[in-house]
Amino acid sequence: SAGDVFNVVETDKQARDIIDYRLRKAKNSKVTASKTSLEELFLRASGTGKTKELPLIIKGDVHGSIEAIITSLNKIENDEVKLKILHNAVGGITESDITLAKASGALILGFNVRANNAAAREGDENKIDIRYYSIIYNLIDDIKAIMSGMLSPIIREVYIGSVSVREVFNVSKVGKIAGSYVIKGVIKRGAGVRLLREDVVIHEGKLKTLKRFKEDVKEVREGFECGVAFENYDNIKVGDSLEVFEIVEEQQKI
């Protein structure tokens, strides 16, 4: 393969002995790895509280292209996901590249090169992700997208509505039902709800009941009346207000 080093020895026997030794060493050190797809790589890298790594193998047409790719990749900074370039070399993608990718779970990037038939066949059999590029910017954008997919999502709270409690009814087998009026936005079944009394939060939870007249409904919008009841909580009084919110996950981008 391109980039290999030739060693010169005095006799044919010495050369064969060295080859046998290297073959035995490679066989003994070979790591048994599971088949790795990009999706499995995301799952494997999803541990919390640890720096995640995206291992890469880069093969290119000339050294200049590879150096430019590595320089551009090194400029991608993120505290949660790090790039780890396991191997880079000039030349086509070979079976040894597939073996390394299988053992390490690496993504193979080919820049103006292709996998030979044997490597392509072995890559398909082992679900190795091989990606081909001819423009460096496309390669960099793709790696940024993959790294973004490995980032933990941003979890934030979104306010969606306010509700005023105007009457409280005791209903057998149900408990207290708050006859309420949606002042702003919308109240949704399953959304998070805080109960406020004199602007102080006294309870946070979810609704077990949301009714419009006698019918169970999924949501009630601004300007309409509704009946609500909390799960495992019934300390509700006239004049209380409800703050309704949803938890939203947003994917980070690099």
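The values are calculated or read from the model by the stated rules, or taken from the named source; none is laboratory data. Bear in mind that the values here come from a model prediction, so they are computed numbers and not experimental data. FYI the Cβ positions are ideal-geometry reconstructions off the backbone, even for glycines, and counts take in every protein chain you see. What goes into the accessible areas is simple: the full protein's heavy atoms, side chains included, and nothing from ligands, DNA or RNA. Shrake-Rupley method; radii C 1.70, N 1.55, O 1.52, S 1.80 Å.
Return, ordered by residue number, the residues of the range 146-187 whose backbone nitrogen is under 14 Å from a label point located 7 Å along Cα→Cβ of Asp216. Under 14 Å, as judged by backbone N against the label point of Asp216, lie 174 of the range 146-187. Taking Rg/Rh (Cα atoms, Kirkwood Rh) as calculated from this structure, the corresponding entry among [x] 1.30; [y] 0.99; [z] 1.57 is [x].
Given springs between every Cα pair under 10 Å in a Gaussian network model of the chain, which of Gly92, Gly205, Gly105 has the largest fluctuation? Largest GNM mean-square fluctuation: Gly205.
Length gained on full extension, Arg121 to Lys184, computed as 0.36 nm times the residue gap minus the Cα-Cα distance: 16.6 nm. Placing a label point 7 Å from the Cα of Lys144 along the Cα-to-Cβ direction, the residues of the range 216-254 whose backbone N falls under 19 Å of that point are 251-254. Rounded to two decimals, the Cα-based Rg/Rh of the range 180-254, with Kirkwood Rh, is 1.02. Net length available on complete extension from Glu80 to Glu204 is 41.5 nm, with 0.36 nm assigned per residue and the Cα-Cα distance removed. The average projected area of the range 161-220, computed from the convex hull of its Cα atoms over all directions, is 4.3 nm². When Asp20, Asp79, Asp4 are compared by accessible area at a 1.4 angstrom probe, the order from most to least is Asp79, Asp4, Asp20. Extension gain for Arg114-Glu249 works out to 44.7 nm (0.36 nm per residue, less the C-alpha to C-alpha distance). Surface composition of the range 107-227: carbon plus sulfur atoms contribute 49% of the solvent-accessible area (1.4 Å probe, protein chains only, all chains present). Projected label points at Glu95 and Lys173, each 7 Å from Cα along the beta carbon direction, are separated by 7.3 nanometres.
Return one whole number: the accessible area per residue of the chain in Å², for a 1.4 Å probe.
Working: 15880 Å² over 254 residues.
Solvent-accessible surface per residue comes out at 63 Å².
Defining a contact as two alpha carbons under 8 Å apart and six or more residues distant in sequence, what relative contact order in percent does the chain show?
Reported relative contact order: 18 percent.
The charge dipole of the chain, taken about the Cα centre with unit charges on the Cβ atoms of Lys, Arg (+1) and Asp, Glu (-1), comes to about 640 debye, rounded to the nearest 20.
Translational diffusion coefficient of the range 104-174 (Stokes-Einstein, Kirkwood radius from Cα pairs, 10 °C, 1.306 mPa s): 91 µm²/s.
In the chain, a dipole from Cβ-located charges (positive for Lys and Arg, negative for Asp and Glu) runs towards its positive end, and of Gly239, His87, Thr11 it is Gly239 whose Cα lies farthest in that direction.
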